[in-house]
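The values are calculated or read from the model by the stated rules, or taken from the named source; none is laboratory data. Please read all numbers here as calculations on a predicted model, not as lab measurements. In this analysis, Cβ positions are derived from the backbone assuming ideal geometry, glycine residues included, and neighbour counts consider all displayed protein chains.
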Amino acid sequence: MNPDQLAARVARDIPPHSYVNLGIGLPTRVADHLNPESGVVLHTENGMLNMGPAATGDRIDPDLINAGKQPVTELPGAAYFHHADSFAMMRGGHLDVCVLGAFQVSATGDLANWSTGAPDAIPAVGGAMDLAIGARQVFVMMTLFDKRGRPKLVPSCTFPLTGAGCVSRVYTDVAVFDVGPEGAVIREAFDVPAEQIRDQLAATGLRVR
Amino acid sequence: MNPDQLAARVARDIPPHSYVNLGIGLPTRVADHLNPESGVVLHTENGMLNMGPAATGDRIDPDLINAGKQPVTELPGAAYFHHADSFAMMRGGHLDVCVLGAFQVSATGDLANWSTGAPDAIPAVGGAMDLAIGARQVFVMMTLFDKRGRPKLVPSCTFPLTGAGCVSRVYTDVAVFDVGPEGAVIREAFDVPAEQIRDQLAATGLRVR
Amino acid sequence: MIVASADDAVAGIADGSTVLVGGFGRAGMPYGLIDALIRQGATGLTVVSNNAGNGDTGLAALLKAGRVAKVICSFPRQTDSYVFDQLYRAGQVELEVVPQGTLAERLRAAGAGIGAFFCPTGAGTLLAEGKESRTIDGRDHVLEYPIRGDVALIQAHRADGMGNLVYRKTARNFGPVMATAATTTIVEVGAVVEVGALDPEAVVTPGIYVDRVVNGSPA
Amino acid sequence: MIVASADDAVAGIADGSTVLVGGFGRAGMPYGLIDALIRQGATGLTVVSNNAGNGDTGLAALLKAGRVAKVICSFPRQTDSYVFDQLYRAGQVELEVVPQGTLAERLRAAGAGIGAFFCPTGAGTLLAEGKESRTIDGRDHVLEYPIRGDVALIQAHRADGMGNLVYRKTARNFGPVMATAATTTIVEVGAVVEVGALDPEAVVTPGIYVDRVVNGSPA
């Protein structure tokens, strides 16, 4: 499944009238696949609810940007608020769904998406940890394997954690997994049969039901 | 000095452009003696800055009341905010002056103004403790003696405390006192010479400089 | 979101619920919702509000109907709080007194996902007895925990169809914090307006915090 | 309150000050005040801001001028943060990384007189190492302390003559919390309006939090 197909797949699982935060990068594309009739409301952590699509041309307003600092638009029924209120909204568990990218997710739902732990890296976390622990459901969108073929769904994260046990579902190019205290389960396999994915992951040391 | 003269005396000590909260009861009268040109801004803890005088007649609006639940008015430059923000403003030390009534004040600035400790009393504190600890300067307005002739400025409070060491000045019908870690000092005696007040208080067990 | 009546708005409130009730004195008090709650019949309630009712209406009527097991408030004793006073003296209602700002901040903490906070208010007083305390930067603090509601009943001036709210003057008081602190937030408003009619810069409570809105007439 | 120039606005900022700088990316960034601060010359500063500068302007220029000893921020590393990156790798600037929401909440705590708070964000991660932690209601929390500023430099849309502020869209971001957290709050606005021209229901930062306002042109 390509990234856009995957974004559409995630969009299909977001219940109507949900309040949703879409992380920077791949998750942002989910917005393009939400049915405008669904009543899904987008939150951006820099202080807005009911964010609209990306702004182009004359509609670009330097005072109206998303968390990725890209110009966006405002939909009717929008509200603006300051950073402390915006993150209170997240930390307080008021968002229904948050969709994030990841370097690694563990079978029990640990998330690593802020640092690869490289010794010379400049640490930078932004809102990643707030998003990880804040939403009622945290979905991750990622490829199942990195460019070097190493699995990103793992028995336990080797990269520094963003949040412990916070992810409930992982959407990958190969399959959708539920993760949590009971471990990882294939919820839906796309092009390859589930059994084959299980075998492939078992070879990396990860048992998936 | 009668209560209105005392209110005028307190008003004179409030620096221009101060942000001030006037407690329920006697302190409320200070408002009537503030020079409108002084730029003093009144805060009411139920969520407003730039509160105006009491409302009467047609100007009464049930949605616009002070902390004593009396109808008031709004001055130009007013702002409304919710209770958490209003008390954050107080607790955070942003008010310059708060004027409160008291049952007792100790020479070191302890305040007792919420409970007489009567065993059958229903406890009720309201914003008293927030006001006591919040403002940069807490002034108290009270009679120096209660109706039974017992001093209200005391070596240490016998009534339950509202706040410890929070009062800096006490305006009474007889004299103005500074209180604090160094004890009580007469700052200004009204009709009776300071020495006589000192003797009178010494007889109650309180040493005043 | 928008429901037809106050009775619809309070449907399903369970016995034993913690109910946050907005208002300071009469300003912002959701009288229509409280009356509907009395009709609805839920009992054994814990009520969190600044006061404990005035006269015979609103919270006082709920108390009088015997539905309240406990009151958490800052100032129960008022000149016309005779219903509460009588029940309290008869041992028929439990009371927790919380300084007004701490009450607001504990509600905010619940809404903001803060586990607990060190607060200077009340340190060294009777109300801090039995609470964990700590000196921070030379100042005494008391550890305070969030107050979460199962339900919030609040009043606002206007709502749009998405539940965005604006308030009016000092009737704003506890509404915005209580809206964030309850599982289900129910609002009585003076009027419902079109989505888009409220200025996004001036929305005080975003719709994310609001579950049910009823078009009532504020007292 | 209203001062004539950005230079007047930043007069007196002392070496070694903690300076809170509003803005998220370029939105809400008080460029005029930062440029004036560079001219003013204060050095050895601790800067608290969401980012650590973009390109060669604003915070990046302040860093490049060698005035900053320490940065407290959530996200220093950006595609065009080369000034910071170089100074950091050369060991010429200290860095404290704080999760974005915790940064905002620590600033709020400073403004709200909260001594410390237990926060779930970052619990069990590298950023919680060395911090006091506690499990509350089955959830891990980290104890976080206020961040106070000597000075806040922020940008707003409009101010009235009393310092009441409104912001514009997502340029609001850190401005309102930083205004509460600093001893001296300095604001660059698009325009100053008459007292009474701002809707009291829509004022975001009341004038009590504002010390100096300069009429600047937002970038």
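Looking only at region A:178-196, residues that are over 30 Å from D:V142 (Cα atoms) and either surrounded by 21 or more Cβ atoms within 10 Å (Cβ to Cβ) or of a type in the set (G, A, S) (or both) come to 2 in all.
Tell me, please, whether a residue that is touching a Phe, Trp or Tyr at 6+ places or on another chain (Cβ under 8 Å), surrounded by 20 or more Cβ atoms within 10 Å (Cβ to Cβ) and in a helix (DSSP H, G or I) can be found in region B:71-84. Looking through region B:71-84, at least one residue is touching a Phe, Trp or Tyr at 6+ places or on another chain (Cβ under 8 Å), surrounded by 20 or more Cβ atoms within 10 Å (Cβ to Cβ) and in a helix (DSSP H, G or I). Screening C:T57 with (1) farther than 30 Å from D:T102 by Cβ; (2) part of a strand (DSSP E or B); (3) of a type in the set (V, I, T) gives one miss only, at (2). Among the residues of region D:189-202, is any among the small types (G, A, S), buried (at least 24 other Cβ atoms within 10 Å of the Cβ) and outside any helix (DSSP H, G or I)? No, every residue in region D:189-202 fails to be among the small types (G, A, S), buried (at least 24 other Cβ atoms within 10 Å of the Cβ) and outside any helix (DSSP H, G or I). Give the residue that is nearest to B:V97 (Cα to Cα), with candidates limited to residues of region B:158-168 that are surrounded by fewer than 21 Cβ atoms within 10 Å (Cβ to Cβ) and more than 10 Å from chain C (Cβ to nearest Cβ). Result: B:S168. Of the residues making up region B:113-121, none is modelled with pLDDT of 95 or more, in contact with a Leu (Cβ under 8 Å, 6 or more places away or on another chain) and small (G, A, S). Residue count for region B:54-80 satisfying the condition of being within 7 Å of another protein chain (Cβ to nearest Cβ), more than 23 Å from C:N54 (Cα to Cα) and of a type in the set (A, V, I, L, M, F, W, C): 2. Among all positions in region A:15-32, there is at least one residue which is aromatic (F, W, Y) and either more than 9 Å from chain D (Cβ to nearest Cβ) or farther than 30 Å from D:F118 by Cβ (or both). When each of C:T121, C:T79 is tested for being within 7 Å of chain B (Cβ to nearest Cβ) and either within 16 Å of the chain's Cα centre (by Cα) or in a loop (DSSP other than H, G, I, E, B) (or both), the lone residue that passes is C:T121. Scanning region B:178-196 for residues that are touching a residue at least 40 places away in the same chain (Cβ under 8 Å) and on the phi < 0 side of the Ramachandran plot returns B:V179, B:P181, B:A184, B:F190, B:D191. Just so you know, in region B:128-152 the residues that are over 16 Å from B:L26 (Cβ atoms) and not hydrophobic (A, V, I, L, M, F, W, C) include one that is modelled with the lowest pLDDT, and it is B:G134. Each residue in region C:181-219 was checked for being hydroxyl-bearing (S, T, Y), more than 7 Å from every other protein chain (Cβ to nearest Cβ) and within 16 Å of C:D150 (Cβ to Cβ), and 3 of them qualify. Return yes or no: is B:M90 within 12 Å of chain C (Cβ to nearest Cβ) and under 16 Å from the mean Cα position of the chain (by Cα)? Answer is yes for this residue.
Reported count of residues in region A:9-68, each being part of a strand (DSSP E or B), over 14 Å from C:P206 (Cβ atoms) and not aliphatic (A, V, I, L, M), is 2. Scanning region A:182-196 for residues that are of a type in the set (V, I, T) and within 22 Å of the chain's Cα centre (by Cα), which turns out farthest from A:Q5 (Cα to Cα)? Among residues in region A:182-196 that are of a type in the set (V, I, T) and within 22 Å of the chain's Cα centre (by Cα), the one farthest from A:Q5 (Cα to Cα) is A:V185. Residues of region D:144-168 that are surrounded by fewer than 18 Cβ atoms within 10 Å (Cβ to Cβ) and over 21 Å from D:G207 (Cα atoms): D:Y145 alone.
If a residue must be more than 8 Å from every other protein chain (Cβ to nearest Cβ), without any contact (Cβ under 8 Å) to a residue 12 or more places away in the chain and within 16 Å of B:T162 (Cβ to Cβ), how many such residues does region C:124-140 contain?
1
For region C:132-143, the candidate set comprises residues that are within 22 Å of C:E96 (Cβ to Cβ) and of a type in the set (D, E, K, R); within that set, the residue that is surrounded by the fewest Cβ atoms within 10 Å (Cβ to Cβ) is C:E132.
You will find that of C:G58, C:G101, the residue that is at the interface with chain B (Cβ under 7 Å from one of its Cβ atoms) and buried (at least 20 other Cβ atoms within 10 Å of the Cβ) is C:G101 and no other.
When residues of region D:187-197 are filtered for being over 11 Å from D:A156 (Cβ atoms) and of a type in the set (A, V, I, L, M, F, W, C), how many remain?
Within region D:187-197, residues that are over 11 Å from D:A156 (Cβ atoms) and of a type in the set (A, V, I, L, M, F, W, C) number 3.
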